[in-house]
Amino acid sequence: RSTLFPYTTLFRSPYSMLDDIEGLFRHRPWGALAMSVCLLSLLGFPGTFGFIGKWYIISAVLEQKQYTLAIAVGLGSLLSLGYYLPVIMGMTMKPERAPDAHRQVQFSRAGKAIIATAVAVNLLFGVWPRVLLSLAEKSVRSLRTEYVQTTESSGTVEQENGGTGGPAIDRSAR
């Protein structure tokens with residue numbers, strides 16, 4: 001049973017890992033804020049890069065008329081609300097269990113810089129995604145051009161072999 005449901009111990013115990021982060025905002029506001037932004041991004045909250053990613057995934061799925069998959073993505077986001085919001089609420093709205101519960105939490109300078117950069121990039125591209133998306137499009141175009149040049153010079157034909165990149169198939173012998 002524990003193999004199938006490894007997290008059931010969290011719900012049976014009066015003490016859970018959620019208790020560990022309660023009140024984190026009081027002692028480490030920037031750490032709690034950074035974690036909240038990252039969780040909201042995973043949730044697909046507008047203004048974060050996670051929202052942009054989910055938007056593009058759902059748009060592509062709907063373009064292909066895969067409505068069931070789009071609904072599954074939406075339901076997955078709703079389900080994740082139940083996991084991420086209690087963590088954010090615990091960090092920001094609940095008091096800590098012990099007076100010095102989070103005093104031992106320390107971030108190195110490098111850790112602070114990495115976390116701040118990740119949060120800033122997440123928010124920047126969540127509000128202004130065009131820069132990153134245009135770089136991605138440019139990269140894809142460059143890879144396609146390189147791929148076409150490579151396949152033309154090696155004698156492979158994409159249309160003839162179903163897109164495998166192998167040698168051309170002579171269909172006249174059939």
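I need the full set of residues from the stretch 92-110 which are at pLDDT 85 or above and of a type in the set (A, V, I, L, M, F, W, C), in order please.
93, 110, listed by residue number.
Is one or more of the residues making up the stretch 104-125 assigned to a loop (DSSP other than H, G, I, E, B) and open to solvent by less than 60 Å² (accessible area, probe 1.4 Å)?
Yes, because at least one residue in the stretch 104-125 is assigned to a loop (DSSP other than H, G, I, E, B) and open to solvent by less than 60 Å² (accessible area, probe 1.4 Å).
Among (1) open to solvent by less than 50 Å² (accessible area, probe 1.4 Å); (2) in contact (Cβ under 8 Å) with a residue 12 or more places away in the chain, which single condition is residue 42 missing?
Unmet for residue 42, out of (1) open to solvent by less than 50 Å² (accessible area, probe 1.4 Å); (2) in contact (Cβ under 8 Å) with a residue 12 or more places away in the chain: (1).
If you go through the stretch 86-103 one residue at a time, how many are of a type outside the set (Val, Ile, Thr) and open to solvent by less than 60 Å² (accessible area, probe 1.4 Å)?
Adding up the residues that qualify gives 7.
Please state which of the following conditions residue 80 fails to meet, knowing it meets all the rest: (1) open to solvent by 50 Å² or more (accessible area, probe 1.4 Å); (2) among the hydroxyl-bearing types (Ser, Thr, Tyr); (3) within 21 Å of the chain's Cα centre (by Cα).
It fails just one condition, (1).
From the set of residues in the stretch 51-74 that are open to solvent by 100 Å² or more (accessible area, probe 1.4 Å) and under 16 Å from the mean Cα position of the chain (by Cα), which is farthest from residue 133 (Cα to Cα)?
The selected residue is 55.
The values are calculated or read from the model by the stated rules, or taken from the named source; none is laboratory data. What you are looking at is a predicted structure, and each value in this text was computed from that prediction instead of being measured. Neighbour counts are summed over all protein chains in view; Cβ atoms, including those assigned to glycine, are modelled from backbone coordinates with ideal geometry. Remember, those area values only see protein heavy atoms, side chains included, never the ligands or the DNA or RNA. Shrake-Rupley method; radii C 1.70, N 1.55, O 1.52, S 1.80 Å.
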